[in-house]
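Read-outs throughout are calculated quantities, based only on the coordinates presented, and are distinct from any laboratory measurement. Given the structure is predicted, the values throughout are model-derived calculations rather than measurements. Virtual Cβ from ideal backbone geometry, glycine too; neighbours counted across all protein chains shown.
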């Protein structure tokens, strides 16, 4: 996965169990999908354990309803010494529609952890991966 390459991480259908007491899709459920997507990509890049450090700039642009197809995409924003910052996007397809609509977006900072659950460097791992991808 290259920086700024948006990749599909997960896709699911919103169901009644995902709603709040008023019948709308619960924002916490959407955030958990986004966190799982960020963690999946970060763990793959860090080649090991990660933890969520921060979630910022989350914006809910559209409501999500029961029956909507919910897709979660991620792209790398920045790779630091021990952290990976990702932009995460949620799109929806309403029942009976063909086009996706942007619904939610946010930024997630994930930290690579060593065997003692302390931050560890990821930059050299990323360099190794990039070299393999570039054919060096």
Original post:
Taking every pair of alpha-carbon atoms in the stretch 7-134, what share in percent sits in each 10 Å bin, from 0 to the bin with the longest distance?
Top reply: 13, 40, 28, 16, 4, 0
**OP:** Compute the acute angle (0 to 90°) between the alpha-carbon long axis of helix 27-46 and the principal axis of greatest extent of the alpha-carbon atoms of the chain; round to the nearest 10°.
**Re:** 20 degrees
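Treat the count of other C-beta atoms within 10 Å as a stand-in for reagent exposure and order 10, 99 from fewest to most.
Details: 10 15, 99 7.
The most exposed by this proxy come first: 99, 10.
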Original post:
Using 0.36 nm per residue, how much length does the chain from residue 55 to residue 19 gain when fully extended, once their Cα-Cα distance is taken away?
Top reply: 10.8 nm
Subject >> the stretch 7-134, relative contact order [Cα under 8 Å, separation at least 6], % >> reply: 28 percent
Original post:
Using 0.36 nm per residue, how much length does the chain from residue 102 to residue 47 gain when fully extended, once their Cα-Cα distance is taken away?
Top reply: 16.8 nm
